[in-house]
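To keep things clear, I will list the structure first and then write my remarks on it.
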There are 2 protein chains.
Amino acid sequence: MAPQHDDARERLIEGTCELLWDRGYVGVSPAAILRRSGVGQGSMYHHFKGKSDLVLEAERRSAALMQEEFTAIFAADTTAFARISAYLLREREVLRGCRVGRLVADPDVVVDDQLREPVRETFALLHRFLAEAIEEGRAAGEFAASLDADETADTLAAVIQGGYALSRAEQSVAPYERAVRGALALLRASAPESSARTDH
Amino acid sequence: MAPQHDDARERLIEGTCELLWDRGYVGVSPAAILRRSGVGQGSMYHHFKGKSDLVLEAERRSAALMQEEFTAIFAADTTAFARISAYLLREREVLRGCRVGRLVADPDVVVDDQLREPVRETFALLHRFLAEAIEEGRAAGEFAASLDADETADTLAAVIQGGYALSRAEQSVAPYERAVRGALALLRASAPESSARTDH
DNA sequence: GTCTATATTCTGATAGAC
DNA sequence: GTCTATCAGAATATAGAC
């Protein structure tokens, strides 16, 4: 809608996304954003009301990006286990953590419904995809009939978010990878005829 | 070793623990610590070299507290599943998150080996307790023989840390509780004769 | 639209009196 | 040991020129 190359605004949002990912809301300053984006101070206050306004826009950008990513993964026409597995084993910048989940570590974000919303929405969508896959896999006999889809979905989502924390504490991807493999193994072991399965 | 009631120092550490828990390293300021602890500025710089020195002491305090808590839980003379279950179902301030795990959200902590160490050590101890319990339960036929103790231990630890993130995003304890129940259900369903088990 | 001052408040730390 | 200045620098925002 803008007269093309609304470049400064775009660069501000992208720079803020990166800084938010690494440093969170309190850890990011307008000055740092300007340095990173290579635009001047006046430019930022022209396009945005202030820090929280820019951050909100950047959060929405990050959330949309992540939602597209896992929407694509869960759209695959494969078994439920394969989709879940593809999501869990997706390439990730483990030591950097989750660009969306990171945000709720910050009390200023959690306390503000607007700033919290993109995170809430992203997790809600992921929950839906995971729960659907589990329900489907359960019906197909891929998983134990005793599993609760909503519970198991949150378990899997938590494994990812928590795996980041374990790995950051050790500065090694190993804990994250073990946590994910452990989750997939539990899921597989729950299958009615688990001993008969081959790895996919 | 001090002439008793080394009160200011103690209050500084305790106040810093609480503030760190809620706001992390970058979110906490000396001024806020002083307000909360009710001591003067000079007092703080007498007992500590500066912010990071005080924070390090507070981190060690928080880490020790948490390590005592789960050491006690895993010392119980019960089945492996009961101990794991007791750990996962322990009372927690879910929406506040983990007082230790919270710290590695902060890049200033992750980047500094000293500041990271209390977190690393705490997670390492938890891993040991969980892996031991899983190994024991596996040997006793409580869990699937196919489970890898180290992997499963990290899965469970990650569920806790990640459950906090999900719950903070929704401002509800429900996602955390579902994640934990889902993890226990997976563990139970993995048992060789899982259909024959009764709840503990 | 973007820039360069400028203002105000907070942060992290020091100095020196008591 | 604790207190009250005081300080340099950063954070967040505004003003006004171009």
Qualifying residue in segment B:37-48 (condition: closer than 10 Å to residue B:16 by Cα and assigned to a helix (DSSP H, G or I)): yes
Pairs, first closer than 16 Å to residue B:156 by Cβ in segment B:56-82, second among the hydroxyl-bearing types (Ser, Thr, Tyr) and part of a helix (DSSP H, G or I), C-beta under 7 Å, six or more apart: B:66/B:122; B:70/B:87; B:73/B:87; B:74/B:87
Among residues of segment A:1-51, those that are surrounded by 15 or more Cβ atoms within 10 Å (Cβ to Cβ), near DNA strand D (Cβ under 8 Å from one of its atoms) and away from every other protein chain (no Cβ under 14 Å), counted: 3
Filter result (at the interface with another protein chain (Cβ under 8 Å from one of its Cβ atoms) and closer than 24 Å to residue B:177 by Cα) within segment B:99-109: B:101, B:102, B:104, B:105
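For segment B:110-131, what are the residues that are more than 23 Å from residue B:181 (Cβ to Cβ) and of a type outside the set (A, V, I, L, M, F, W, C)? I'd like the intermediate steps shown before the answer.
Just the residues of segment B:110-131 that are more than 23 Å from residue B:181 (Cβ to Cβ), to begin with: B:110-122, B:124-125, B:128.
Across segment B:110-131, the qualifying residues are B:112, B:113, B:114, B:116, B:117, B:118, B:120, B:121, B:122, B:128.
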Conditions (1) away from DNA strand C (no atom under 16 Å from the Cβ); (2) within 14 Å of chain B (Cβ to nearest Cβ); (3) under 23 Å from residue A:176 (Cα atoms); (4) in contact (Cβ under 8 Å) with a residue 40 or more places away in the chain: number failed by residue A:93: (4)
Residues satisfying the stated conditions in segment A:1-51, i.e. more than 10 Å from DNA strand C (Cβ to nearest atom) and among the acidic types (Asp, Glu): A:14, A:18, A:22
Residue list for segment B:147-166, filter: more than 12 Å from residue A:180 (Cβ to Cβ), among the small types (Gly, Ala, Ser) and within 7 Å of chain A (Cβ to nearest Cβ): B:157, B:163, B:165
Selection within segment B:113-137 - within 11 Å of chain A (Cβ to nearest Cβ) and among the charged types (D, E, K, R): B:113, B:116, B:117, B:120, B:121
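I'm trying to understand the selection: among the residues of segment B:173-184, which are more than 7 Å from chain A (Cβ to nearest Cβ) and more than 9 Å from residue B:94 (Cβ to Cβ)? First the steps, then the outcome.
Step one: list which residues in segment B:173-184 are more than 7 Å from chain A (Cβ to nearest Cβ), which gives B:173-174, B:176-177, B:180, B:184.
Passing the criteria: B:174, B:180, B:184.
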Selection from segment B:75-90 of residues that are of a type in the set (Val, Ile, Thr) and in a loop (DSSP other than H, G, I, E, B): B:78, B:79
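Considering only segment B:161-168, I want to know if a residue exists there that is at positive phi, of a type outside the set (D, E, K, R) and modelled with pLDDT of 95 or more. Lay out the reasoning, then the answer.
Kept after step one, since they are at positive phi, are these residues of segment B:161-168: none.
The answer is no, given that none of the residues of segment B:161-168 is at positive phi, of a type outside the set (D, E, K, R) and modelled with pLDDT of 95 or more.
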All positions within segment A:75-98 that are touching a helix residue (DSSP H, G or I) at 6+ places or on another chain (Cβ under 6 Å) and over 30 Å from residue A:170 (Cβ atoms): A:76, A:80
Subset of segment B:92-112 (residues that are crowded, with 23+ Cβ neighbours inside 10 Å and part of a helix (DSSP H, G or I)): B:101, B:102, B:103, B:104, B:105, B:109
Answer from B:32, B:8 - the residue that is farther than 30 Å from residue B:162 by Cβ, of a type in the set (A, V, I, L, M, F, W, C) and more than 22 Å from the chain's Cα centre (by Cα): B:8
Selection from segment B:57-72 of residues that are away from DNA strand D (no atom under 16 Å from the Cβ) and surrounded by fewer than 19 Cβ atoms within 10 Å (Cβ to Cβ): B:60, B:61, B:64, B:65, B:67, B:68, B:69, B:70, B:71, B:72
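The values are calculated or read from the model by the stated rules, or taken from the named source; none is laboratory data. Just so it is clear, the model here is predicted, and its values are computed rather than measured. Methodologically, a virtual Cβ is constructed for each residue, glycine included, from the backbone with ideal geometry; neighbour enumeration extends over all protein chains shown.
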